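Undergrad: I'd like to ask some things about the structure below.
The values are calculated or read from the model by the stated rules, or taken from the named source; none is laboratory data. Quick caveat, the model's predicted, so the values are computed rather than measured. Reconstructed Cβ throughout: ideal geometry from the backbone, glycine too, with neighbour counts over all protein chains shown. Accessible surface areas use protein heavy atoms only, side chains included; no ligands, DNA or RNA. Shrake-Rupley method; radii C 1.70, N 1.55, O 1.52, S 1.80 Å.
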Amino acid sequence: MIRPRRLGLGGLAVALAVTAGNAVTAEGKLSIYHWFEYIPQELLDKFSAETGIDVTMDTYDSNEAMLATLKAGKLGSYDVAVPGDYMVEIMIGEGMLDTVAEGELANIGNVEPQWLDVPFDPGRMHSIPYQWGSTSFSVNRDVYGGDIRTTGIVFDPPDELKGRINILDAQGEVMLLASMHLGIPQCSTVREQLKALDELLQSAKEHWASFNSDGAKDVLVSGDAAVGMIWNGFSAKARAEGANIEYSYPREGLIVWMDNVVLLRDAPNRENAIMFMDFLLEPENIAAVTNFAQYSAGVMGVTDLLDDALKSQPESIPPADAPSGTFVQVCDQATQEVYDSIWTRLKK
């Protein structure tokens, strides 16, 4: 039986009171910490039916929320989580992940070669690929008909869009998009560039209506937002639900990401976690995730299993002149502290 529970930013205060000592080690169980609205219930049911393993799942709405919750006492309670690329690197550095030994994953050979040895987890010692995609913004074409292939839509919007912009509650991606707008490198140590980054974000905030990740699709569908920073698959879902929106591939740059299933340190059900990771490396199973979430998988043999609409959705087909994608980088400690300070001021 699957018992999904929501534990996003709003539930963080509850998580702070939970300690690792509350974890229960029991045969036949699996505890997942996962992004919201990102895996079909039917697939979890299938895993339970095939293995007899009882699955529970809590959800989060940002990489940073996941990290904070685990560091606050939940590490040792969950078996697997699904962090983004840069967050995998951070978690490895903080000793939060277990190592998947060679030979433990029977289906590791199904991983596409370009995702088998990645900078954020060399040799895939702690993770497997889950889904990958891009982060940009979508614009309501009933409200604005002009050029949207510029980050100026978010940071220096035309009058008809001011006050109607939703921004993801995701520090890494927001800071990267702003850096792209200014044409400065990520993790800059140049004082003038960091000052410009701060000034840009604080001034742009005046034109933003909200910071909302889990509702990023809904505010576009309802029309509460005319512009929404959003992940490409979530944008496709919003369009399918009736929002007359167009996803932008801004000329200043495009954010790309890969989410990964990681084996957490002190996983109470480690053997079952390995079984689940292997389950997700089977093409038909990860294809079910792709069809549901509308991103892209990092596993071979998936293409023929995808829905026809997914193969042609504009959110996954960049124009010929689109810039190459850029991953969020992990900054050095001093720069990260500046970033954190800027972000804290931005969210006040």
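Undergrad: Count the net charge of all other residues whose Cβ sits under 14 Å from the Cβ of K162, scoring Lys and Arg as +1 and Asp and Glu as -1. Show your work: numbers first, answer last.
TA: On the way: positive: R164, K205; negative: D156, D159, E160, E206.
Around K162, the charge tally is -2.
Undergrad: Follow-up. Under 8 Å for C-alpha pairs, at least 6 residues apart: give me the relative contact order for the stretch 78-211, rounded to a whole percent. Walk me through the numbers on the way to the answer.
TA: Details: 78 pairs, mean separation 28.6, N = 134.
Here the relative contact order equals 21 percent.
Undergrad: Give the shape of the stretch 224-348 as rounded, prolate or oblate, defined through the alpha-carbon gyration tensor: a ≥ b ≥ c are the square roots of its eigenvalues, a/c under 1.5 means rounded, and otherwise the shape is prolate if a/b is larger than b/c and oblate if not. Walk me through the numbers on the way to the answer.
TA: Numbers: a/c = 1.89, a/b = 1.06, b/c = 1.79.
It is oblate, given that a/c is not under 1.5 and a/b is not larger than b/c.
Undergrad: Starting from the Cα-Cα distance between L305 and L182, subtract it from 0.36 nm times their residue separation and give me the gain in nm to one decimal. Walk me through the intermediate numbers first.
TA: Working: separation 123, 0.36 × 123 = 44.28 nm, distance 4.07 nm.
Roughly 40.2 nm would be gained on extension.
Undergrad: Pop a pseudo-label 7 angstrom from the Cα along the beta-carbon direction at both D147 and I108 and give the gap in nm to one decimal.
TA: It works out to 4.9 nm between the two label points.
Undergrad: Could the peptides 135-142, 186-193 be put in order, highest first, of the mean number of other beta-carbon atoms found within 10 Å of their residues?
TA: Numbers: 135-142: 22.5, 186-193: 13.8.
Top of the packing list down: 135-142, 186-193.
Undergrad: For the chain, with a Gaussian network of springs between Cα atoms less than 10 Å apart, report the residue from A320, A226, A216 with the top mean-square fluctuation.
TA: Its mean-square fluctuation being the largest, the pick is A320.
Undergrad: Hey, another quick one. Answer with one residue from Q186, L161, I128: the one whose Cα lies farthest towards the positive end of the charge dipole of the stretch 126-227, charges on Cβ with Lys, Arg +1 and Asp, Glu -1.
TA: Highest projection toward the positive end goes to I128.
Undergrad: Okay, moving on. Would the stretch 143-299 count as rounded, prolate or oblate if I go by the C-alpha gyration tensor, calling it rounded below 1.5 in a/c and otherwise prolate when a/b exceeds b/c, oblate otherwise? Each step should come with its number before you reach the end.
TA: Numbers: a/c = 2.40, a/b = 1.49, b/c = 1.62.
It is oblate, given that a/c is not under 1.5 and a/b is not larger than b/c.
Undergrad: At 1.4 Å probe size, with every protein chain present, just tell me what the per residue accessible area of the chain comes to in Å².
TA: Values: 14340 Å² over 348 residues.
About 41 Å² of surface per residue is accessible.
Undergrad: Please state the charge dipole magnitude for the stretch 59-175, taken about the Cα centre, from unit charges on C-beta atoms (+1 on K and R, -1 on D and E), reported in debye and rounded to the nearest 20. Walk me through the intermediate numbers first.
TA: Numbers: 7 positive and 19 negative charges, 55 e Å.
Dipole of the stretch 59-175, to the nearest 20 debye: 260 debye.
Undergrad: Also, quick follow-up: Report the full-extension gain for the segment A320 to R345: residue separation times 0.36 nm, less the Cα-Cα distance, to one decimal in nm. Kindly include the intermediate steps, with their values, before the conclusion.
TA: Details: separation 25, 0.36 × 25 = 9.00 nm, distance 3.78 nm.
Full-extension gain reported as 5.2 nm.
Undergrad: Ratio of the chain's C-alpha Rg to 2.2 N^0.38 Å, to two decimals?
TA: 0.98
Undergrad: Can you give the net charge of the other residues whose Cβ lies under 12 Å from the Cβ of P119, counting K and R as +1 and D and E as -1? Can you show the working numbers first?
TA: Values: positive: R124; negative: D85, E89, D117, D121.
Overall, the nearby charge balance is -3.
Undergrad: About the Cα centre of the chain, how large is the charge dipole given +1 on each Lys and Arg Cβ and -1 on each Asp and Glu Cβ? Please answer in debye to the nearest 20.
TA: Details: 25 positive and 50 negative charges, 175 e Å.
The dipole magnitude comes to about 840 debye.
Undergrad: Taking the Cα centre of the stretch 175-330 as origin, work out the dipole magnitude from +1 charges on Lys and Arg Cβ and -1 charges on Asp and Glu Cβ, in debye rounded to 20.
TA: Numbers: 10 positive and 21 negative charges, 84 e Å.
Taking the Cα centre of the stretch 175-330 as origin, the dipole is about 400 debye.
Undergrad: Of all the accessible heavy-atom surface of the chain, with the other protein chains kept in place and a 1.4 Å probe, what percent is carbon and sulfur?
TA: On the way: 7310 of 14340 Å².
The nonpolar share, carbon plus sulfur, comes to 51 percent.
Undergrad: Moving on. Using the charge dipole of the chain (Lys, Arg: +1 at Cβ; Asp, Glu: -1 at Cβ; taken about the Cα centre), state which of L75, N269, A297 has its Cα farthest towards the positive end.
TA: Of L75, N269, A297, it is L75.
Undergrad: A further question follows. Grab the other residues whose beta carbon is less than 10 angstrom from that of W257, score K and R as +1, D and E as -1, and report the net. Intermediate results must be reported in sequence, preceding the final value.
TA: Values: positive: none; negative: D85, E173, D259.
Net local charge, W257 excluded: -3.
Undergrad: Rounded to whole Å, give me the distance from the Cα center of the stretch 314-348 to that of the stretch 150-215.
TA: Distance between centres, Cα-based: 9 Å.
Undergrad: Taking the 0 to 90 degree range and rounding to the nearest ten, how far is the long axis of helix 191-204 tilted relative to the main principal axis of the chain, both from C-alpha atoms?
TA: For 191-204 against the chain, the angle is about 80 degrees.
Undergrad: Sorted by mean Cβ packing within 10 Å, highest first, what order do the peptides 101-113, 43-55 take?
TA: On the way: 101-113: 13.8, 43-55: 15.8.
For the peptides 101-113, 43-55, the packing ranking is 43-55, 101-113.
Undergrad: Which of the lysines could be linked to K205 by a straight reach, that is with a Cα gap under 29 Å, when you skip same-chain ones fewer than 8 residues away?
TA: Excluding near neighbours in sequence, the set is K162, K195, K217, K237, K347, K348.
Undergrad: Based on the Cβ-Cβ distance of S48 and D224, what FRET efficiency does E = 1/(1 + (r/R0)^6) give at R0 = 45 Å, to the nearest 0.05? Provide the component values of the computation, followed by the final result.
TA: Values: r = 37 Å, r/R0 = 0.82.
Using R0 = 45 Å, I get an efficiency of 0.75.
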